[in-house]
Amino acid sequence: MSAAREKPALDERHRQRMARKKAVVDAKIASARDDRGVIVVATGNGKGKSSSGFGMVARALGHGMRVGIVQFVKGRIATGEEAFFRRFPEVDYHVMGEGYTWETQDRERDTRAARAAWEKARAMLEDASYQLVLLDELNIVLKHGYLSVEEVIAALKARPPLQHVVITGRAAKPALIAVADTVTEMRSVKHAFEAGVRAQKGIEL
């Protein structure tokens with residue numbers, strides 16, 4: 001069959017496939033009728049967990065929402081996201097870590113910092129005026145046992161019904177994954193750091 005004669009057949013097969021797909025997608029959209037706050041967890045060893053969280057912050061701000069941000073662990077290094085999002089009066093931004101745990105090497109100090117950050121986060125989770133709350137690197141403090149996962153889950157379950165929460169960090173606890181509505185695991189395929197490229201502004205910082 002010549003290319004000129006084959007193209008209409010290919011176009012028709014494509015149209016039929018897309019029509020079937022549209023019917024499936026439309027049915028799923030029609031069945032999703034609930035409006036409620038959701039818990040989103042971004043975890044895994046790959047790059048992009050915090051970036052995903054801050055992307056959702058940007059999206060929320062685009063809709064005029066009030067956002068609360070608490071960063072656990074991080075704190076020693078200035079970041080582009082902090083410099084940017086502090087410009088917005090709708091954002092309540094708190095960087096409350098002592099630095100990466102392999103840098104501090106002090107469990108008691110890290111636990112105190114995590115507890116102080118959690119108290120700030122818990123106040124946001126009790127306040128319906130925060131429509132989205134980002135708890136960046138919370139998974140790390142749960143992994144190391146600086147906070148109780150049961151305490152965190154209890155606060156999440158008791159939060160205002162329309163409040164969204166985004167939690168990032170490696171090694172999300174199974175109990176947290178179980179109560180989350182959306183969970184994404186970032187998988188590392190390759191990373192520039194492994195080739196000797198240091199962290200740079202706009203990419204990691």
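The values are calculated or read from the model by the stated rules, or taken from the named source; none is laboratory data. Just so it is clear, the model here is predicted, and its values are computed rather than measured. Heads up, the Cβs are rebuilt from the backbone with ideal geometry, glycines too, and the neighbour counts pull from every protein chain shown. Just the protein is used for accessible areas: all its heavy atoms, side chains included, with ligands, DNA and RNA removed. Shrake-Rupley method; radii C 1.70, N 1.55, O 1.52, S 1.80 Å.
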- Task: Quick one: give the max-minus-min coordinate of the C-alpha atoms of the stretch 1-85 along each principal axis, largest first, in Å.
- Result: 66, 34, 27
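Nearest 500 deg cm²/dmol is fine: what mean residue ellipticity at 222 nm does the chain get from its DSSP H runs of n ≥ 4 alone, each adding -39,500 (n - 2.57), divided by its residue count?
Numbers: 8 runs with 93 residues, N = 205.
Mean residue ellipticity, 222 nm, calculated: -14000 deg cm²/dmol.
Treating only the Cβ of Lys, Arg, Asp and Glu as charged (+1, +1, -1, -1), what charge dipole size does the chain show about its Cα centre? Round to the nearest 20 debye. If you can, show how the numbers build up before the last one.
Values: 34 positive and 26 negative charges, 187 e Å.
That gives the chain a dipole magnitude of about 900 debye.
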- Task: Determine, at each q value in 0.13 (inverse angstroms), the log₁₀ of I(q)/I(0) that the Debye formula gives when each Cα of the stretch 67-164 is one equal point scatterer.
- Result: -0.44
- Item | Rg and Dmax [Cα atoms of the stretch 110-205; Å; Rg one decimal, Dmax integer] | 15.3, 46
- The list (i) 13.8; (ii) 16.3; (iii) 12.3 gives values of mean projected area of the Cα convex hull in nm², and only one came from this structure; which label was calculated from it? (ii)
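Quick one: order 137, 6 from most to least accessible surface, probe 1.4 Å. Kindly include the intermediate steps, with their values, before the conclusion.
Values: 137 30, 6 75 Å².
Heavy-atom accessible area, descending, gives 6, 137.
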- Task: Enumerate the calculated ³J(HN,Hα) couplings along the stretch 189-204 in order (Karplus 6.51 cos²θ - 1.76 cosθ + 1.60, θ = phi - 60°), each rounded to whole Hz, writing x wherever the residue is Gly or Pro.
- Result: 9, 7, 9, 4, 4, 5, 9, x, 8, 7, 4, 10, 4, x, 10, 10
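Whenever you get a sec, line up 190, 47 from highest to lowest accessible area (probe 1.4 Å, protein heavy atoms). Please list the in-between numbers first.
Details: 190 170, 47 105 Å².
Correct descending sequence by accessible area is 190, 47.
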